[in-house]
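Engineer: Sharing a structure, written as structure tokens. Questions coming.
The values are calculated or read from the model by the stated rules, or taken from the named source; none is laboratory data. These numbers come from a predicted model, not from an experiment. Here the Cβ is made from the backbone with ideal geometry for all residues, glycine too, and neighbour counts use every protein chain on show. All accessible areas refer to the heavy atoms of the entire protein, side chains included, with ligands and DNA or RNA removed. Shrake-Rupley method; radii C 1.70, N 1.55, O 1.52, S 1.80 Å.
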Amino acid sequence: QVQLVESGGGLVQAGGSLRLSCAYSERAFRGYATAWFRQAPGKDREFLAAISWSGITTKYADSEKGRITISRDNAENTVYLQMNSLKPEDTAVYYCATSVNLLSDVRSYTYWGQGTQVTVSS
């Protein structure tokens, strides 16, 4: 069964941190890169970070470098997104997605989770 399931979202105060998780089906996505995107109301889906299957290669949106960290634990079939110094403008639905290649283009990603809501209060 093809499956990506995000968790870890919630309400946090500005300046706080969250770690999002993306649980994936190992049988379906072995060898795939995984990325995190977010979408705020009325805005396009935005690339945040991606990580190769091995975890050796990562890619970040320039605007988020230094504030977020992507990692993975293939033994747990999970990809993480650590977010620090959160701001109200980080409020969005956060999605994980998989692709054969490690890319930042949303069109390159075929499989998506259902998303997890992150709300940052001021």
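Engineer: Between a first residue in the stretch 43-71 that is over 16 Å from L103 (Cβ atoms) and a second residue that is outside any loop (DSSP other than H, G, I, E, B) and of a type in the set (S, T, Y), which pairs have beta carbons less than 6 Å apart while being 6 or more apart in sequence or on different chains?
Structural biologist: Partner pairs satisfying both residue conditions: S71/Y80.
Engineer: Condition (residue is part of a strand (DSSP E or B) and surrounded by fewer than 12 Cβ atoms within 10 Å (Cβ to Cβ)) applied to the stretch 105-115: is it met by at least one residue?
Structural biologist: Our first condition is that a residue be part of a strand (DSSP E or B); within the stretch 105-115, this holds for 111-112.
Right, trim to surrounded by fewer than 12 Cβ atoms within 10 Å (Cβ to Cβ) and you get none.
There is no residue in the stretch 105-115 that is part of a strand (DSSP E or B) and surrounded by fewer than 12 Cβ atoms within 10 Å (Cβ to Cβ).
Engineer: For the stretch 1-85, list the strands (runs of 3 or more DSSP E) that sit wholly inside it and hold at least 1 residues that are basic (K, R) and touching a Phe, Trp or Tyr at 6+ places or on another chain (Cβ under 9 Å); which are they? Outline the logic, then answer.
Structural biologist: Details: elements: 4-7, 10-13, 18-24, 33-39, 46-51, 58-60, 68-73, 78-83.
Qualifying strands (runs of 3 or more DSSP E): 18-24, 33-39, 58-60, 68-73.
Engineer: Continuing with the same structure: Would you check if there is a residue in the stretch 72-94 being open to solvent by less than 20 Å² (accessible area, probe 1.4 Å) and aromatic (F, W, Y)?
Structural biologist: Step one: filter the stretch 72-94 for residues open to solvent by less than 20 Å² (accessible area, probe 1.4 Å), giving 78-79, 81, 83, 86, 90, 92, 94.
Applying the additional criterion that residues be aromatic (F, W, Y) yields 94.
Yes.
Engineer: Let me ask something additional. Among (1) at pLDDT 95 or above; (2) under 25 Å from T119 (Cβ atoms), there is one condition E64 misses while meeting the rest; what is its number?
Structural biologist: (1)
Engineer: Would you mind stating whether I56 is among the β-branched types (V, I, T) and open to solvent by less than 20 Å² (accessible area, probe 1.4 Å)? Explain how you work it out, then say what you get.
Structural biologist: On the way: among the β-branched types (V, I, T): yes; open to solvent by less than 20 Å² (accessible area, probe 1.4 Å): no.
Against the criterion (among the β-branched types (V, I, T) and open to solvent by less than 20 Å² (accessible area, probe 1.4 Å)), I56 does not qualify.
Engineer: Continuing with this model, one more query. Of the residues R38, R45, R30, R19, which single one is under 20 Å from S108 (Cα atoms), within 12 Å of the chain's Cα centre (by Cα) and open to solvent by 40 Å² or more (accessible area, probe 1.4 Å)? Steps first, please.
Structural biologist: Numbers: R38 fails: open to solvent by 40 Å² or more (accessible area, probe 1.4 Å); R30 fails: within 12 Å of the chain's Cα centre (by Cα); R19 fails: under 20 Å from S108 (Cα atoms).
After applying the criteria, what remains is R45.
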